[in-house]
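Below is one structure, written out as structure tokens; comments come after it.
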Amino acid sequence: MPYKLGKKWMAQVNIDGQKVRKRFETKAEVKAWEIDQKDRILHPEKQIRSVSLLEWGTGYLEFALRKFSPKVFNEKKNVFRLLVLRFGADTPVSELTPGLVLGYCQKELKKRSGHSVNKDLKNLQAAYNWGMKYHDFPEPNPFQKVDRLPQDQQVRYVPPERDFWAVYNVATGQDRFCSMHSCSRPHGAENCTS
């Protein structure tokens, strides 16, 4: 039965006469975890050995290091760092549910933009698909079940032409060179190619 302990929610189930407790950020995460634990008790035949988040992350990042560019690899590494900080390194991958993933995303959305959280979600979907292919992770992919989060589109400001020329006329040195056409001459000069 979920209950609040300070700012966090506590989950509790009885397994073989012992109380097992775990803390979560939201009540929905608690309920999802408790349902999953009760299902494991009622259907032990469904249980399979699950790798931990740390084992999954390490294996996937070793794969990603050889396959992706350094920039993409670092993006994936940072996603796993956040995931392990949130759930703990020893958490079995099989415990991840869409409800837990949504809670994780909503918490990250308070700190970061929707665009960056959606990129995390995309990277975790790919990593979980890799796990289903090579490590028999349980289906369905909990990261694919979570809808994309809203993201604000910011309109890029384009100054009017008269403002551009006003800035250009007061610019000197390298600020006045043409960067649009890859030439090193002042833009608009008679020998500029544009």
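Only residues that are in contact with a Pro (Cβ under 6 Å, 6 or more places away or on another chain), assigned to a helix (DSSP H, G or I) and either surrounded by fewer than 12 Cβ atoms within 10 Å (Cβ to Cβ) or touching a residue at least 24 places away in the same chain (Cβ under 8 Å) (or both) were counted across the range 119-176, and they come to 2. Exactly one of (1) under 15 Å from the mean Cα position of the chain (by Cα); (2) hydrophobic (A, V, I, L, M, F, W, C); (3) farther than 19 Å from residue 36 by Cα is unmet by residue 130. Its number? The single condition residue 130 does not satisfy is (1).
Scanning the range 143-154 for residues that are modelled with pLDDT under 85 and under 13 Å from the mean Cα position of the chain (by Cα) returns a single hit, 149.
Just a yes or no: is a residue in the range 132-142 modelled with pLDDT of 90 or more, closer than 21 Å to residue 55 by Cβ and not small (Gly, Ala, Ser)? Within the range 132-142 (the criterion being modelled with pLDDT of 90 or more, closer than 21 Å to residue 55 by Cβ and not small (Gly, Ala, Ser)), the answer is yes, since at least one residue qualifies. Restricting attention to the range 116-151, which residues are more than 25 Å from residue 63 (Cα to Cα) and either out of contact with any helix residue (DSSP H, G or I) (no Cβ under 7 Å at 6 or more places or on another chain) or among the polar types (S, T, N, Q) (or both)? Correct list: 147, 151.
The values are calculated or read from the model by the stated rules, or taken from the named source; none is laboratory data. Quantities reported herein were computed from a predicted structural model and do not represent experimental measurements. Positions of Cβ are generated from backbone atoms using ideal geometry, with glycine treated the same way; all protein chains shown enter the neighbour counts.
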